[in-house]
Amino acid sequence: MTKGCDILLVALLRNGEVVSLAKAWTKEELVQLKRKESFFCPACKREVVLKLGNHRIPHFAHKKDDACPYEHEPESARHLTGKFDLFSWLQRQNIQAKLEPYLPPVQQRPDILVAHHHFIYAVEYQCSAIREILFRKRNDSYRAKGIRPIWILGAHHLRYRNHHISLPRFQWMFVHHFPLVPRPLLFFYCSETKRLIRLIHLIPFSVRRTFAIPVVQPLHSLSFSDLLSFPAVSLPASFWHDWLNYKQRWRLTFPLYPDKITRLICYDFYRRGIIPSLFPTEAGWPLPHGYLFETPPFIWQTYVLIPFMQPERKLVPLDSIYRFIGESLAAGRLAARQLPLATGRRYTQAVYEYLQLLTKLGYFQWEGRKCLRLVKEFTFPKTMDEVIQQDRQMMEQMKRQPPLFRYINELELNKNG
């Protein structure tokens, strides 16, 4: 089953001509058109009706009890208005775009099909929930035909206060990572205020809570190229203070969760001499690619340190670290984030980033390019007062380093070079 076609902005006339309601019709013109023409669904070719009510924008709809056999996802007035706004926005930029074109090879109807700089994009404005299996199927179908999907969520999905975002798993599915763009992006559009919101610097605090910067701009002030680029916005001054507060919250609350996975993680920690609330100070820090883990940072980063905690094991091959994390993922201790629109990104990028950060801070030395030697012991606090002090000291040490994201950019350049 593919996306809904019960409400349309485009239909066919009896002679096969396409009629689009995106054109600047007057109410009188549409009344006359409705009197003299018949309209048909471009997908199933069944007759549709031109609706000219007062509560929704003009649209075509299948007749009652005659739903389109191809698509069955109902559309709201918010969705209709939003995709019309986005289409008009593209037209004003003289970008080649088609509204609701039916694509027989994939049996799908993207909201807008865009041709821009030698690429074809399917722009989808998603205002309702969608099953993950269907979401993946659509994206796979687009990519199989060389079409790049871009999904924009309805802004009513977005919940945030300052830079603290409530980001459930459903919304993470829509995170994009475009070629040549260094950071992930998540788009929202509000059809009431006509503003586009780009969430940048997505750094998860926990499974559902994420630090992010919302870049809010009127749609008319942006270009399509802006949508595919990363805004030059720095982390706010409050970032490290917020992060330290969340880290203290992890320490106090994590062992209290009664679920099976928490018990397994606590068991792994205890048998290595780690009290869960007093995990190493070196674990639980923000990273640009930390979003590739669904597991909170203090857990997966502690697991990265575990191979170095074995007696007399100071030299550890990078492959064995990756293997240990892979085994922990397979056993359900850790979880990689599922990102259908950020293909090619693997959790190993976050692990490598973390190891490089600790190398910069003096904990490791590289032996060649394949092994790491522990040269500075990890810090295991004994009391909560001690851990709060040590976390604060390490935070100050990290703040004295080059800005986090600039530093990681340098690592990526060195790695690629």
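The values are calculated or read from the model by the stated rules, or taken from the named source; none is laboratory data. In this text the structure is predicted, and so the values were computed from the model without any measurement. Heads up, the Cβs are rebuilt from the backbone with ideal geometry, glycines too, and the neighbour counts pull from every protein chain shown. For accessibility, only protein heavy atoms count, side chains too; no ligands or nucleic acids. Shrake-Rupley method; radii C 1.70, N 1.55, O 1.52, S 1.80 Å.
Could you tell me which residue of segment 1-28 is farthest from V48 (Cα to Cα), considering only residues that are at pLDDT 80 or above and part of a loop (DSSP other than H, G, I, E, B)? Going through the qualifying residues, I end up with T26. For segment 228-241, the criterion of being open to solvent by 30 Å² or more (accessible area, probe 1.4 Å), hydroxyl-bearing (S, T, Y) and closer than 22 Å to E353 by Cβ is met by at least one residue. Selection of segment 158-171 for residues being within 22 Å of R78 (Cβ to Cβ) and either assigned to a loop (DSSP other than H, G, I, E, B) or open to solvent by less than 40 Å² (accessible area, probe 1.4 Å) (or both) yields L158, I165, S166, L167, P168, Q171.
Look at (1) touching a helix residue (DSSP H, G or I) at 6+ places or on another chain (Cβ under 8 Å); (2) part of a loop (DSSP other than H, G, I, E, B); (3) modelled with pLDDT of 90 or more and you find that P182 fails only one, number (3). Among residues belonging to segment 268-308 that are assigned to a loop (DSSP other than H, G, I, E, B) and among the small types (G, A, S), point out the one that is modelled with the lowest pLDDT. Restricting to residues being assigned to a loop (DSSP other than H, G, I, E, B) and among the small types (G, A, S), the top hit is G273. Each residue in segment 81-124 was checked for being touching a His at 6+ places or on another chain (Cβ under 6 Å) and either at pLDDT below 90 or under 20 Å from I57 (Cα atoms) (or both), and 0 pass.
Tallying residues that are open to solvent by 30 Å² or more (accessible area, probe 1.4 Å), touching a residue at least 40 places away in the same chain (Cβ under 8 Å) and of a type outside the set (K, R) within segment 141-157 yields 1.
Taking A330 as the residue in question, decide whether it is under 24 Å from the mean Cα position of the chain (by Cα) and either at pLDDT below 95 or farther than 27 Å from R249 by Cβ (or both).
When the stated conditions are applied, A330 passes them.
Which of the residues that make up segment 324-343 are hydrophobic (A, V, I, L, M, F, W, C) and part of a loop (DSSP other than H, G, I, E, B)? Listed by number, the residues that qualify are A331, L334, A335, L339, L341, A342.
Considering K83, K34, K23, the condition of being over 30 Å from F187 (Cα atoms) and of a type in the set (K, R) is satisfied by K34 alone. Does H116 satisfy the condition of being closer than 20 Å to A22 by Cβ and in contact (Cβ under 8 Å) with a residue 60 or more places away in the chain? Yes, satisfied.
When only residues in segment 172-214 that are polar (S, T, N, Q) and under 19 Å from G82 (Cα atoms) count, which is least open to solvent (accessible area, probe 1.4 Å)? Please lay out each step first, then the result.
Restricting attention to segment 172-214, the residues satisfying the condition of being polar (S, T, N, Q) are 191, 193, 206, 210.
Now restrict to residues that are under 19 Å from G82 (Cα atoms): 191, 193.
Values: S191: 9, T193: 79 Å².
So the residue we want is S191.
Restricting segment 358-386 to residues that are in contact with a helix residue (DSSP H, G or I) (Cβ under 8 Å, 6 or more places away or on another chain) and buried (at least 20 other Cβ atoms within 10 Å of the Cβ), the residue that is nearest to P317 (Cα to Cα) is L372. Residues that are touching a residue at least 12 places away in the same chain (Cβ under 8 Å) and in a loop (DSSP other than H, G, I, E, B) within segment 349-368 comprise L361, G362, Y363, listed in sequence order. Just one of the listed residues (I321, I261, I265) is over 20 Å from W240 (Cα atoms), in a helix (DSSP H, G or I) and either free of Cβ contacts under 8 Å to residues at least 24 places away in the same chain or open to solvent by 10 Å² or more (accessible area, probe 1.4 Å) (or both), and it is I261.
Against the test of being at pLDDT 90 or above, closer than 20 Å to V304 by Cα, of a type in the set (A, V, I, L, M, F, W, C) and in a helix (DSSP H, G or I), the options M394, M398 yield a single qualifying residue, M394.
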